[in-house]
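Each value in this text was obtained by applying a stated rule to the coordinates, not by laboratory testing. Small disclaimer: the values here were computed from a predicted structure and weren't measured. Glycine also receives a Cβ, built like all others from the backbone with ideal geometry; neighbour counts cover every protein chain displayed.
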Amino acid sequence: MSEYLWWKNGVVYQIYPRSFQDSNDDGIGDLQGIIQRLDYLKDLGIDAIWISPIFASPMVDFGYDVADYTAIHPMFGDMETFDRLLDEAHTRELKVILDYVPNHSSDQHAWFKESRSSRDNPKRDWYIWKNAKPDGSPPNNWESIFGGPAWTWDEATGQYYLHSFLKEQPDLNWRNPELVAAMENVLRFWLDKGVDGFRMDAVMCSVKHADFPDNPPVADDSPLKPFGFNLEPKYSQSQPELHNILHSWRKLFDSYPGDRVMIGETWVFDMDVLASYYGKNLDEFHLPYNFMATMLPWDANALRDLIQRYYAAIPAGGTPNFVFGNHDVHRPATRHGYRNHRSIGLLLLTLWGVPTMYYGDELGMEDGEIPVEFIQDPWGKDDPDLNLGRDPERTPMQWDDSANAGFTAGGVTPWLPVASNYKTLNAAAQIRDERSTLNFYRKLLQLRKTSPALHGGSFEFVDGLPDDIIAYLRENGDEKLLCLVNFSNQEYAVNISHVAAAGSLLISTDLSDPGEVDMNLFTVVANQGYVIKV
Ligand code: NOJ
Ligand code: CA
């Protein structure tokens, strides 16, 4: 049996810090709140937490607009609290992953203030400044991912600056060696403290084509269409030179003791581009995040096809990974129907690859309702009709049935409203209920950890079953597990004796009693999933 490596065999749990646990009753989650909940996370059975940005920030994009990469936002706590969090997590054998935002800083960052102060400021070239076209229009047609032009005119210095996201998030210039060195120092700062890794935000945007050509229009059938994009980011994302930067970061990570991990927020639509982020010699990201499952309908054929193409594209020795939920997409339980939420968990935790869970998905949390006057997300505020707002998946963690769900004190107004189902759907109630979703996740995480087949074994699809059922074998040495998920609302009685003559149920999404199963006539209940030892 090979060694259990946390980032290769373990499970990552994403904490959106504003929404996890408030410790000082200001309605916003904080680091001390996370410390208070570490035992919950340890009991859940995950290996690592990734915390979305906790750095100094005007919070225009809720922390993804960093004003100082090495300072903690006072709203979240201070450096002493962070050090304690790191220590307390490590004491519990939990790894800590932070968020690195290399594509852009806040416009309130000291670097940008200097850069915009004059054309000959030494930091002018740390950002991307260009002259207007002769008619005064922006240098090219690039659009911001949040809508509108990617260029904003600076009256004082008479040039445009580039921002792939909000105008308050100016893009850094990764072709400037001083900027590259300054941002490397940021990584060193945290790695020196003992942080176990980074998730790197919007990383594919970081390097642009040197000549800034116009981007071509998106095709009508492009997967980018539903996001409201009009242009293919051909020259603004995933440029070849980015790989040099990634490789240099990886060298830095590898120079540290322990297994420090580099995770990429590689939100791309092309499988080969995704695969390229492992690096030619597996010398870039350990885990380039695979978001493709978040864009699929609930359809067994579609997911089967994705899994096949994904595993085939990954370079030899690369570790796959799956994401079904995060702070940028609607909750899986909402997207795919509450009746399927445990099946999503079963897939996430039993497919070959590293799972990243999103806080609250272990309870089956659904999107919260956000009345228009409570909208916080700038992407939602701009055009509420497009329904692109990300607030619904960021509502406070539902800890118990007290006022504000135990996220913050009763009487306090939390930064986003608590979802209305918290009285019945909460962690405390689920801890008491043996057959709850939380107990399903705990049992499955425990099984995964103790099962080399699940956390590191081979993967093979099983044929000969109805299209609605995804079935696969995970195998390591003598251990062989059959996983089945029924995507439909229909029950099937199937013959699975071609897989093995005998089998015993280890866990099912409905937590029915484990025990021997009839391989000649196995009932696959509608919307349920199973792990059977064969
Ligand atoms: C991706 C992050 O996940 C998202 O929340 C953020 O708004 C953008 N990058 C910009 O940093
Ligand atoms: Ca707080």
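I'd like the orientation of helix 437-450 relative to the chain: the angle between its Cα long axis and the longest Cα principal axis, in ° from 0 to 90, rounded to 10. Approximately 90 degrees, to the nearest ten. For region 110-162, how big is the tail of P(r) above 15 Å, as a whole percent of Cα pairs? Value for region 110-162: 45 percent of Cα pairs lie more than 15 Å apart. Evaluated over the Cα positions of the chain, the convex hull gives a direction-averaged projected area, one quarter of its surface, of 24.6 nm². The C-alpha atoms of the chain define a longest principal axis, and helix 79-91 lies at about 20 degrees to it.
Qualifying chymotrypsin sites (Phe, Trp or Tyr not before Pro) in region 391-440, where qualification requires a DSSP coil assignment and no more than 11 other C-beta atoms within 10 Å, are lacking entirely.
The gain in end-to-end length when the D78 to A403 segment is fully stretched comes to 114.2 nm, 0.36 nm per residue minus the alpha carbon separation. Taken as Cα centroids, region 304-365 and region 426-459 sit 15 Å apart, rounded to the nearest whole angstrom. Annotation: amide H of I470 within the under-5 Å range of V485, F487, sequence separation 5 or more or interchain, hydrogens built in the peptide plane.
Report the chymotrypsin sites (Phe, Trp or Tyr not before Pro) located in region 317-359 that are in a DSSP loop and have at most 12 other Cβ atoms inside 10 Å of their Cβ, or state none. Intermediate results must be reported in sequence, preceding the final value.
Numbers: sites: F322, F324, Y338, W352, Y358, Y359; in loops: F324, W352, Y359.
When the chymotrypsin sites (Phe, Trp or Tyr not before Pro) of region 317-359 are filtered for loop state and at most 12 Cβ neighbours within 10 Å, nothing remains.
Per-residue Karplus couplings for region 230-236, computed as 6.51 cos²θ - 1.76 cosθ + 1.60 with θ equal to phi - 60°, are listed in order as 9, 10, 7, x, 4, 10, 9 Hz, Gly and Pro entered as x. Per-peptide packing, taken as the mean over residues of other Cβ atoms within 10 Å, places 474-482, 100-108 in the sequence 100-108, 474-482 from highest down. Within the shell defined by Cβ-Cβ distances under 12 Å, the residues around P217 carry a net charge of -2, with Lys and Arg each +1 and Asp and Glu each -1.
Output needed for region 404-534: three equivalent-ellipsoid semi-axes, defined as square roots of 5 times the C-alpha gyration tensor eigenvalues, in descending order, whole Å.
Each semi-axis is the square root of five times an eigenvalue, giving 35, 17, 13 Å.
Over the chain, dividing the summed -39,500 (n - 2.57) contributions of all DSSP H runs of at least 4 residues by the number of residues returns a 222 nm mean residue ellipticity of -7000 deg cm²/dmol. For region 4-108, the list of trypsin sites (Lys or Arg not before Pro) that fall in a loop by DSSP and count at most 13 other C-beta atoms within 10 angstrom reads R92.
Semi-axis lengths, largest first, of the ellipsoid equivalent to region 458-533 are 18, 14, 12 Å, with √(5λ) applied to each eigenvalue of the Cα gyration tensor.
Farthest towards the positive end of the charge dipole of region 110-162, among the residues Y127, F146, L162, is the Cα of Y127, using unit charges on the Cβ of Lys, Arg, Asp and Glu.
At a Förster radius of 41 Å, what calculated FRET efficiency corresponds to the Cβ-Cβ distance of N489 and E88, to the nearest 0.05?
On the way: r = 44 Å, r/R0 = 1.08.
Result of the calculation: an efficiency of 0.40.
With respect to the chain, whose longest principal axis is taken over its alpha-carbon atoms, helix 177-193 is tilted by about 40°.
For region 224-284, a Kirkwood hydrodynamic radius built from all Cα pairs, placed in the Stokes-Einstein relation at 25 °C and 0.890 mPa s, yields a translational diffusion coefficient of 186 µm²/s. Ordering I370, S118, G264 by the projection of their Cα atoms onto the charge dipole of the chain, which places +1 on the Cβ of Lys and Arg and -1 on the Cβ of Asp and Glu, puts G264 at the extreme positive end.
Place a +1 charge on the Cβ of each Lys and Arg in the chain and a -1 charge on the Cβ of each Asp and Glu, then give the dipole magnitude about the Cα centre in debye, rounded to the nearest 20.
Values: 45 positive and 77 negative charges, 154 e Å.
Magnitude of the dipole: close to 740 debye.
Remark: spin-label model distance R175-Y256 equals 3.0 nm, labels positioned 7 Å along the Cα→Cβ axis. Summarising the amide proton neighbourhood of T395: residues at separation of 5 or more, or on other chains, whose placed amide H is nearer than 5 Å comprise G368. Across the options L482, A429, G457, the greatest Cα extent toward the positive end of the charge dipole of region 399-510 (unit charges at beta carbon of Lys, Arg, Asp, Glu) belongs to A429.
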